[in-house]
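The values are calculated or read from the model by the stated rules, or taken from the named source; none is laboratory data. Values in this document were obtained by computation on a predicted structure and should not be read as measured data. All Cβ positions, glycine included, derive from the backbone under ideal geometry; neighbour counts span all protein chains shown. Heads up: the accessible areas ignore ligands, DNA and RNA and are worked out on the full protein's heavy atoms, side chains in. Shrake-Rupley method; radii C 1.70, N 1.55, O 1.52, S 1.80 Å.
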Amino acid sequence: MDIAWEQRLAKAWASVEEYDDRGAEFREIIDTLVAELPDESPVAPFERACAFDSTGHSDRAVPLYREALEKGLDGYRRRRTAIQLSSSLRNIGQPEEGVTLLEAELDAPSDELDDAVRATLALCLASLGREREGLALVLGALAPHLPRYQRSMGNYARQLTDG
């Protein structure tokens with residue numbers, strides 16, 4: 001992949017809202033772009049999964065996310081895959097696997113996706129009836145962004161799960 005390809009991909013994603021809810025036309029644009037990648041590229045199934053996910057087809061995204069991981073997707077896209085796959089699993093009634101994937105991400109090196117990991121994990125936990133744990137994660141993620149009350153919110157988050 002080169003910078004020009006990534007730029008064309010970013011331009012396509014910037015236009016996703018311009019297409020109808022079914023998303024077939026948008027998915028065709030993504031398919032055209034990923035067709036330029038080598039067959040063994042893990043980016044191709046990842047981007048196709050994202051296109052299905054973004055157009056309301058979590059069920060079709062899940063196997064593509066799995067394929068991307070099996071092909072060795074790494075870096076930033078790998079972490080995005082963990083988040084998005086977990087969300088899709090939750091959407092199709094498999095939040096337990098999403099929790100497993102995202103709990104592993106809590107120990108990953110910190111980056112700008114940390115809060116998205118916690119938010120998606122909170123949703124998966126809520127789907128399993130573990131709302132207090134989910135709320136604790138969300139409050140813990142939110143607290144550092146507040147102009148005041150960071151310490152209080154952090155303490156409240158801990159209290160939700162400390163009994």
Test: residue in the stretch 51-66 that is closer than 23 Å to ASP107 by Cα and open to solvent by 50 Å² or more (accessible area, probe 1.4 Å): yes
Whichever residue in the stretch 69-91 is part of a loop (DSSP other than H, G, I, E, B) and open to solvent by 70 Å² or more (accessible area, probe 1.4 Å) and, among such residues, is modelled with the lowest pLDDT: ASP74
Evaluation of PRO95 against (1) open to solvent by 60 Å² or more (accessible area, probe 1.4 Å); (2) in contact with a helix residue (DSSP H, G or I) (Cβ under 7 Å, 6 or more places away or on another chain) (one fails), failing number: (1)
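If I ask for residues that are open to solvent by less than 60 Å² (accessible area, probe 1.4 Å) and part of a loop (DSSP other than H, G, I, E, B), which ones from the stretch 33-50 would you list?
Of everything in the stretch 33-50, those that are open to solvent by less than 60 Å² (accessible area, probe 1.4 Å) and part of a loop (DSSP other than H, G, I, E, B) turn out to be LEU37, SER41, PRO42.
Please find, among VAL138, VAL117, the residue that is over 18 Å from PHE46 (Cβ atoms) and either surrounded by 14 or more Cβ atoms within 10 Å (Cβ to Cβ) or not charged (D, E, K, R) (or both). Before the answer, list the steps.
On the way: VAL117 fails: over 18 Å from PHE46 (Cβ atoms).
So the residue among VAL138, VAL117 that is over 18 Å from PHE46 (Cβ atoms) and either surrounded by 14 or more Cβ atoms within 10 Å (Cβ to Cβ) or not charged (D, E, K, R) (or both) is VAL138.
Considering GLY154, GLY98, which residue is touching a residue at least 12 places away in the same chain (Cβ under 8 Å), assigned to a helix (DSSP H, G or I) and either among the acidic types (Asp, Glu) or over 23 Å from PHE52 (Cα atoms) (or both)? Step through it out loud before you land on a result.
Details: GLY98 fails: either among the acidic types (Asp, Glu) or over 23 Å from PHE52 (Cα atoms) (or both).
Within the list GLY154, GLY98, the selection yields GLY154.
Here are PRO144, PRO109: which of them is open to solvent by 70 Å² or more (accessible area, probe 1.4 Å) and more than 17 Å from the chain's Cα centre (by Cα)? Full working, then the answer.
Values: PRO109 fails: more than 17 Å from the chain's Cα centre (by Cα).
Selected residue: PRO144, the only one of PRO144, PRO109 that is open to solvent by 70 Å² or more (accessible area, probe 1.4 Å) and more than 17 Å from the chain's Cα centre (by Cα).
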Near pairs, Cβ below 8 angstrom, 6+ apart or cross-chain, from the stretch 1-19 (open to solvent by 50 Å² or more (accessible area, probe 1.4 Å)) to any residue that is not hydrophobic (A, V, I, L, M, F, W, C): MET1/SER41; TYR19/GLU25; TYR19/THR55
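Given the structure, is ALA143 assigned to a helix (DSSP H, G or I) and free of Cβ contacts under 8 Å to residues at least 40 places away in the same chain?
Details: assigned to a helix (DSSP H, G or I): yes; free of Cβ contacts under 8 Å to residues at least 40 places away in the same chain: yes.
Yes: the conditions hold for ALA143.
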